[in-house]
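*Asks:* Structure in structure tokens, see below.
Any read-out appearing in this document is the output of simple, stated calculations on the displayed coordinates, not a laboratory observation. Everything numeric here is computed off the predicted structure, so don't read it as measured data. In this analysis, Cβ positions are derived from the backbone assuming ideal geometry, glycine residues included, and neighbour counts consider all displayed protein chains.
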Amino acid sequence: MTLTETTGATSGSYNLTVTASGGGVTRTQPLRLTVLTPSFTVALAASSATIKQGGTIPIKVTMNAINGFSAAIALSVSGLPKGVTATYLPTSIAAPGTGKSTITLKVASGAGSNIGVSTLTVTGKGGGVTQTQKLTLTVTH
């Protein structure tokens, strides 16, 4: 017996029953099937950061491929308040999708409207998979 996974199979565990018949006799055997979808994890070195106007702060990001994932992962950050920019080094993680990057957040000097707390979303996309992590950013004087 051969089981073949098709594209789009849903991860999870499934209870199957294998049935064999012959010579007037039928036998069954339970079978537990676990489907693992290739993916990756995104981990931030910190869940929050505080930065003064005119300052910069590096945030380390670690990506780990799981369940046979094998693709490059592109990074992005959304939710940046006015006057805050993000740069990445490197900008993507090469296949098979395990590696580290540093996101450097920079706050412009004198950009008074950006004082306060924002929730940023760090996103990794690759191989048809998207994973995110939240980062709370506090900008001070």
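*Asks:* With +1 on each Lys and Arg Cβ and -1 on each Asp and Glu Cβ, how big is the dipole of the chain about its Cα centre, in debye rounded to the nearest 20?
*Replies:* The calculation lands at about 280 debye.
*Asks:* Based on the Cβ-Cβ distance of residue 29 and residue 78, what FRET efficiency does E = 1/(1 + (r/R0)^6) give at R0 = 41 Å, to the nearest 0.05?
*Replies:* Efficiency for this residue pair is about 0.25.
*Asks:* Just to be sure I understand, if you calculate Cα extents along the principal axes in Å for this structure, which of (i) 86, 26, 20; (ii) 42, 42, 27; (iii) 51, 38, 25 do you get?
*Replies:* The listed entry that was calculated here is (i).
*Asks:* Which of the residue pairs 52/100; 60/106; 60/134; 52/125 have a Cα-Cα distance greater than 18 Å in the structure shown?
*Replies:* Flagged as over cut-off: 52/100; 52/125.
*Asks:* Something else: With the dipole of the chain worked out from charges on the C-beta (+1 for Lys and Arg, -1 for Asp and Glu) around the Cα centre, which of 20, 110, 57 lies farthest toward the positive end?
*Replies:* 110
*Asks:* By its C-alpha gyration tensor, with a ≥ b ≥ c as the square roots of the eigenvalues, how is region 36-77 shaped: rounded for a/c under 1.5, else prolate for a/b larger than b/c, else oblate?
*Replies:* prolate
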